[in-house]
Amino acid sequence: MTGFPLYLATRLGQFALVVFIGINIAFIVTHATPINPVEQSIAAATQFGSTSPEAIALMRQSLKELYGLEGGIGAQYIAFWRRVAVGDFGPSLSAFPTPVSTLIGRALPWTVGLLVISILLTWTLGNLLGGLAGYFRDSRSLRLAGIIAMGFHPIPYYIVALILLIVFGYLWPVLPISGGYMMNMPRELSWAFLGSLATHSILPILSLVLVGLGGWFMGMRSLVSNVVTEDYVTYAELGGVARSRILASYVMRNALMPQVTGLAMSLGAIFNGAIITEQVFGYPGIGSLLVSAVHAGDYSLVLGITTVSILSVSVAVLLIDLLYPLLDPRVRAR
Amino acid sequence: MWTVLRDLLRHNRQFAVGVVLLAVVIGFAALSLVSPYPPNDSFVVPPDVPPSLAYPMGTTSRGQDVFWLLTFSIRNTLLFGITVAVLSRLLALTIGLVAGYSGGLIDRALMSLNDTFIVIPLFPILVLFYFVMRDHMSWGLLALMMACLGWAYDARLIRSMAMSLRQREFTDTAIFSGMSMRQILIGEHLPYVLPIVFSTTMNNINWSIGLEVTLSVLGFTDINTPTIGVLIYWANQHTAMVAGIWWWILFPVLLVVITFVGLFLLAVSMNEHIDPRSRLGRIT
């Protein structure tokens, strides 16, 4: 096997490994607990408000199944995998008896939308600015842009989101700071609703972009400043090729490859950032759902979200990996 | 080594600024040794006093002096970051050096494992971990967990260096003179990768502090050990922002941002120093 089939096989193998290890970690973590998880979950879930004894009995039964506390550790392990394969995490405890998959299905589009838009923005903008900064080393404004991007880079998502919240929520309240759209607005395809969606997503996206920009900027700048010293670039310059053409198809195109790999590798970290940001701005995605699930003591929901997160991030990484040969002809030719 | 540090201080502005920022933070953390109040006592001072001469950073709604509470918090936060960094460094060094030296099947197996840990979203896993541990969750346990999850980026970097070291002549000489793999890795290869490890350690401390702050702010850690995140957690619990007690949030955020920027500048400038190409770029 050579060329593309080999590449495809290794990527698929890596994908399977990520899913396998991720799910195993989730299994080990849930079984490492020194406490009785079933009673604890029931106590936490029924802490507020009254629940009928029948519902509690039902909960106890489904919890026992869910934790897989029946049978030996081997049987538990197999049951756990079956659950993941089918995508059935049982009923949610805090929103009993709505299935966990329904709750996650409702929240997932929000997170995916937020992530796709902010990643596209961050990656494109960061690489473009970084490429320009690497090529035009003497530009003042690009250097300033670099300093700003690098200043935000080391600060974690939560702190940047919190700072934006303070600035736009209290000091200069022009943007909505909570929710996915205006409350009580009918969810229909109208301009008012779309506008509300857009304004509500500005701050979450902005905080993700601010944190993410610096990494791509710095990476691209140093890549481009290495490529610029290559002989073929000097030759193209001597041959009178237009500078814009050199930058676009001689320099940036080549420097872009490692950045695509970088995107695949940092997807997990970006996902972490997105769910934190969501929580800060009360955005109705996976992150908010996860935090409220923990506070409500909803074990099945927490486990379901963790598993779905692992699965969806690995699928996204696989997709990027599969796009890679389209950009890099060497993978196809080898 | 001292001359390198002196030269860096003198000629590299990023390094100098980073050192100064970190010195401020560490000095502040050291003040916790002379604090007049133990960290967990509440209502030792009047609550909700704005910053003044008596209380330079104001007091909290729980009757704590923000200044002294912050000294304990930043100390614990720094210690946490350093613990995670040291533990995960041990893992990263072992895996990176062994993979780079052995090559072949071992290398491929270790690197697939490595890529897996890079890709897996850690935050939901840490939340799940907190969820099952609950009250058993402690500072040390979280550090251990994060060290087990956070070694992958650097292992890859170390491995790529070890691979090129493997090709160098002195490695062959070492093998022919009968040194064992362990001796070669520790005695011959380790000194070469240490500088880059120092630089990535700073980034790793940043990473772990960032996650710790995030988890604590959400209340997903041991909320009785004061750290920066726990401090902000309690401020949020008392709705400090809405109540106008801005100093309870502002000073911790400010201090932790100083820490992040300081560590980051150190990492970047050390990286630049290690890479001779960028050092040349600085001269010309």
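Below are the figures for this structure:
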read-out	value
Unique match (being of a type in the set (A, V, I, L, M) and part of a helix (DSSP H, G or I)) among A:V174, A:V211	A:V211
Selection count, segment A:138-177, where residues are within 16 Å of A:G126 (Cα to Cα) and within 13 Å of chain B (Cβ to nearest Cβ)	9
Number of the exception - B:I82 against (1) away from chain A (no Cβ under 14 Å); (2) closer than 30 Å to B:W247 by Cβ; (3) crowded, with 22+ Cβ neighbours inside 10 Å	(3)
Residue that is nearest to the other protein chains (Cβ to nearest Cβ), among those in segment A:289-334 that are among the small types (G, A, S) and farther than 30 Å from A:A43 by Cα	A:S314
Residues of segment B:225-245 that turn out to be facing chain A (nearest Cβ under 10 Å) and over 24 Å from the mean Cα position of the chain (by Cα), as a count	4
Qualifying positions in segment B:129-148 - of a type in the set (A, V, I, L, M) and at the interface with chain A (Cβ under 9 Å from one of its Cβ atoms)	B:V132, B:M133, B:M145
Candidates B:D107, B:D135 - the one that is closer than 27 Å to B:E188 by Cβ and of a type in the set (D, E, K, R)	B:D107
Residue in segment A:272-286 that is buried (at least 22 other Cβ atoms within 10 Å of the Cβ), within 11 Å of chain B (Cβ to nearest Cβ), hydroxyl-bearing (S, T, Y) and touching a Gly at 6+ places or on another chain (Cβ under 8 Å) present	yes
Candidate set from segment A:29-55 (those that are assigned to a helix (DSSP H, G or I) and facing chain B (nearest Cβ under 10 Å)); member that is modelled with the lowest pLDDT	A:P37
Filter pass, A:A293 being on the phi < 0 side of the Ramachandran plot, crowded, with 24+ Cβ neighbours inside 10 Å and in a helix (DSSP H, G or I)	yes
The listed residue being buried (at least 18 other Cβ atoms within 10 Å of the Cβ), aromatic (F, W, Y) and modelled with pLDDT under 90, out of B:Y153, B:Y192	B:Y153
Boolean, A:E65 is more than 28 Å from A:Y181 (Cβ to Cβ), at pLDDT below 75, among the acidic types (D, E) and assigned to a loop (DSSP other than H, G, I, E, B)	no
Filtered residues of segment B:100-128 (kept if farther than 30 Å from B:T221 by Cα and within 7 Å of chain A (Cβ to nearest Cβ))	B:S112
Residue in segment B:50-59 that is at positive phi and either buried (at least 18 other Cβ atoms within 10 Å of the Cβ) or under 27 Å from the mean Cα position of the chain (by Cα) (or both) present	yes
Residue in segment A:223-234 that is within 28 Å of B:N206 (Cα to Cα), surrounded by 12 or more Cβ atoms within 10 Å (Cβ to Cβ) and among the hydrophobic types (A, V, I, L, M, F, W, C) present	yes
Matching residues in segment A:223-262 - criterion: being under 19 Å from A:A133 (Cβ atoms), within 14 Å of chain B (Cβ to nearest Cβ) and in a helix (DSSP H, G or I)	A:L223, A:V224, A:S225, A:N226, A:V227, A:P258, A:G262
Residue, nearest to the other protein chains (Cβ to nearest Cβ), within segment B:157-168, restricted to residues that are surrounded by fewer than 21 Cβ atoms within 10 Å (Cβ to Cβ) and either under 24 Å from A:A43 (Cβ atoms) or not hydrophobic (A, V, I, L, M, F, W, C) (or both)	B:S160
Selected residue (only one of B:I209, B:I184 is surrounded by 24 or more Cβ atoms within 10 Å (Cβ to Cβ), of a type in the set (A, V, I, L, M) and touching a residue at least 24 places away in the same chain (Cβ under 8 Å))	B:I209
Residues of segment B:4-62 classified as closer than 20 Å to B:V261 by Cα and in a helix (DSSP H, G or I), total	23
Failed criterion for B:Q14 (all others in (1) farther than 30 Å from B:L141 by Cβ; (2) modelled with pLDDT of 90 or more hold)	(2)
Subset of segment B:246-264 [crowded, with 23+ Cβ neighbours inside 10 Å, within 10 Å of chain A (Cβ to nearest Cβ) and closer than 15 Å to B:Y233 by Cβ]	B:P252, B:V256
Test: residue in segment A:192-207 that is assigned to a loop (DSSP other than H, G, I, E, B) and either surrounded by 20 or more Cβ atoms within 10 Å (Cβ to Cβ) or among the hydrophobic types (A, V, I, L, M, F, W, C) (or both)	no
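The values are calculated or read from the model by the stated rules, or taken from the named source; none is laboratory data. Note that this is a predicted model, so its numbers are computed, not measured. Glycine gets a Cβ as well: all are built from the backbone with ideal geometry, and neighbour counts include every protein chain shown.
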